[in-house]
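Working notes, structure below.
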Amino acid sequence: MQKKALGLPELIAIAVGGMVGGGIFTILGISVSMVGFLAPFAIAIGGVIAFFAAYSYVKLGVYYKDDGATYAFFKRTYPTSKLAASFIGWYTIFGYISTLSLYAYTFASYGISGTSFAQDEIVRKIVAISIIWVFALINIWSVKGMGKIEDIMVYLKLFILFLISVAFIYYSKVDFHQFVITLKNDFQNSSFLNIIIVSSITFVAYEGFQLVINAVNDMENPDKNIPRAIYSAIFIVVCIYFIISLGSVLAIPAQDLIKNKEYALAAGAKDILGSFGENMVIFGAVLATSSAISGTMFGSSRQMSDIARDGFLPKTLAFRDNTIPKRAIVTMAMTASILIFVGGLKLILEFGSITFLLVSLLMAVANFKIREKTHSHTLFAIVAILGLVIGAALIFYYEYKTKPEQLIFILVLYAILTAGAYIYAKFGEEKWL
């Protein structure tokens with residue numbers, strides 16, 4: 001029997017690479033603006049929410065061993081419900097579209113941060129939309145060897161993040177005593193509720209661990225390696241995010257992180273390490289987001305094609321040219337471009353987090369339904385559901401209290417998604433497998 005290509009180290013790299021896709025470069029400034037020096041702890045708690053989500057994915061992944069992951073799991077758990085399959089398909093695809101928008105927006109923010117256009121929102125959106133289409137063309141052309149380039153980018157961006165973290169901590173402008181005092185003051189001024197809200201909003205930075213399941217047919221011993229890879233990767237990413245965010249709040253004045261939230265790390269690195277430090281952070285952010293845009297578009301466009309093949313999206317999207325779902329790629333690029341055009345960083349971040357919390361919640365419900373088959377602990381399955389419900393509810397609550405008009409926009413988006421999923425479940429050209 002031929003030995004499978006992917007062992008545990010490779011699987012962990014896939015999951016870590018999927019999660020560290022530029023999210024930390026984006027969420028830091030927003031987190032500090034909401035909870036100050038507590039941001040590293042809030043971001044780390046977001047990892048706990050990710051563990052809630054991962055529990056169900058792990059159990060379902062080991063049970064089904066289906067590389068279709070989210071969509072396939074839900075469809076197989078509710079085999080007679082077209083509505084269930086349609087809903088999970090639409091929400092999953094648009095979750096990926098929101099992350100594409102987030103990665104592209106981050107790419108643009110850091111790409112122009114060292115120029116005179118750093119504060120120009122129009123230029124930022126033009127660059128973001130442009131990079132989406134660059135990688136759409138790359139995926140359409142299906143450049144050979146892209147997989148090896150992806151591996152190099154994953155390890156290189158982690159190395160750059162490590163260097164940035166060490167430099168920030170070394171050049172910290174805050175001593176331990178001052179840090180403790182500031183932390184205490186921020187804790188008194190920020191309720192525990194605000195901390196959990198930040199954890200929920202930044203949840204999208206942990207999206208990507210489920211990419212391990214897409215490689216189930218190429219991995220050694222899935223029963224052991226799926227849980228080991230996913231849980232290990234989330235722990236590693238929590239540590240990465242905590243260290244770099246801690247180093248940032250120690251080294252960069254809070255007002256600078258808040259002012260330059262779209263490219264906070266680059267601005268801070270310039271003050272501490274000069275142009276070299278700024279360029280290193282910009283390179284790291286551009287590298288991380290490029291890797292994430294390419295990988296996300298590659299996998300999600302193929303999933304969109306499969307969903308269309310089953311009749312839950314326009315049939316034309318199922319078309320493939322030599323295995324390449326060109327129409328799906330173009331559609332994803334167009335939709336992501338529209339989201340970038342109409343929304344800002346915070347809207348995209350929050351919509352992405354809510355969407356993946358809802359998708360993860362549906363996975364948790366599916367796992368609870370067949371918990372005896374997946375050998376899931378009933379209490380753990382319930383806690384996972386409750387944790388994800390609370391996370392999603394807190395984002396909606398925050399939007400309602402701070403930006404009700406943005407909440408209305410998000411609800412309109414969900415109404416459109418829900419209507420589309422319902423229409424295709426009822427009237428789409430079905431090819432039910």
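The values are calculated or read from the model by the stated rules, or taken from the named source; none is laboratory data. Predicted model, so just to flag it, every value in this text is computed and none were measured. Glycine gets a Cβ as well: all are built from the backbone with ideal geometry, and neighbour counts include every protein chain shown.
Tabulated results
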quantity: Selected residue (criterion: surrounded by the most Cβ atoms within 10 Å (Cβ to Cβ)) from residues of segment 113-137 that are among the hydroxyl-bearing types (Ser, Thr, Tyr) and not in a helix (DSSP H, G or I); calculated: Ser113
quantity: Every pair of residues 6+ apart whose Cβ atoms lie under 8 Å, when the first sits in segment 399-415 and is without any contact (Cβ under 8 Å) to a residue 40 or more places away in the chain while the second is loosely packed, with under 15 Cβ neighbours inside 10 Å and assigned to a helix (DSSP H, G or I); calculated: Leu407/Tyr400
quantity: Hey, Lys4 more than 13 Å from the chain's Cα centre (by Cα), farther than 30 Å from Phe242 by Cβ and at pLDDT 85 or above or not; calculated: no
quantity: Residue ranges of helices (runs of 4 or more DSSP H) in segment 336-433 with at least 3 members in contact with a helix residue (DSSP H, G or I) (Cβ under 9 Å, 6 or more places away or on another chain) and closer than 30 Å to Phe25 by Cα; calculated: 345-369, 378-402, 404-427
quantity: Number of the exception - Val286 against (1) over 19 Å from the mean Cα position of the chain (by Cα); (2) modelled with pLDDT of 80 or more; calculated: (1)
quantity: Scope segment 339-361; condition charged (D, E, K, R) and buried (at least 24 other Cβ atoms within 10 Å of the Cβ); matching residues; calculated: Glu350
quantity: Residue satisfying condition, being closer than 30 Å to Gly7 by Cα and charged (D, E, K, R), within set Asp306, Asp271; calculated: Asp306
quantity: Members of segment 276-292 found to be surrounded by fewer than 21 Cβ atoms within 10 Å (Cβ to Cβ) and either of a type in the set (Val, Ile, Thr) or touching a residue at least 24 places away in the same chain (Cβ under 8 Å) (or both), listed by number; calculated: Asn279, Met280, Phe283, Val286, Leu287
quantity: Answer residue from segment 267-324, given it is in a helix (DSSP H, G or I) and among the acidic types (Asp, Glu) and is nearest to Val212 (Cα to Cα) among those; calculated: Asp306
quantity: Residues being under 15 Å from Ala336 (Cβ atoms) and either polar (S, T, N, Q) or free of Cβ contacts under 8 Å to residues at least 40 places away in the same chain (or both) - total across segment 293-302; calculated: 4
quantity: Enumerated helices (runs of 4 or more DSSP H) restricted to segment 166-261, each holding at least 3 residues that are out of contact with any Pro (no Cβ under 6 Å at 6 or more places or on another chain) and among the hydroxyl-bearing types (Ser, Thr, Tyr); calculated: 222-251
quantity: Failed item, numbered, when Ser376 is tested on (1) free of Cβ contacts under 8 Å to residues at least 24 places away in the same chain; (2) more than 23 Å from the chain's Cα centre (by Cα); (3) over 30 Å from Ala308 (Cβ atoms); calculated: (1)
quantity: Ala72 vs. criteria modelled with pLDDT of 85 or more, small (Gly, Ala, Ser) and buried (at least 23 other Cβ atoms within 10 Å of the Cβ); calculated: no
quantity: From the options Leu11, Leu83, residue that is surrounded by fewer than 24 Cβ atoms within 10 Å (Cβ to Cβ), touching a residue at least 60 places away in the same chain (Cβ under 8 Å) and part of a helix (DSSP H, G or I); calculated: Leu83
quantity: Complete set of residues in segment 215-259 that are surrounded by fewer than 20 Cβ atoms within 10 Å (Cβ to Cβ) and of a type in the set (S, T, N, Q); calculated: Asn217, Asn221, Ser232, Gln255
quantity: Output for segment 76-87, where each listed residue is at pLDDT 90 or above and either among the aliphatic types (A, V, I, L, M) or closer than 18 Å to Thr331 by Cα (or both); calculated: Ser86
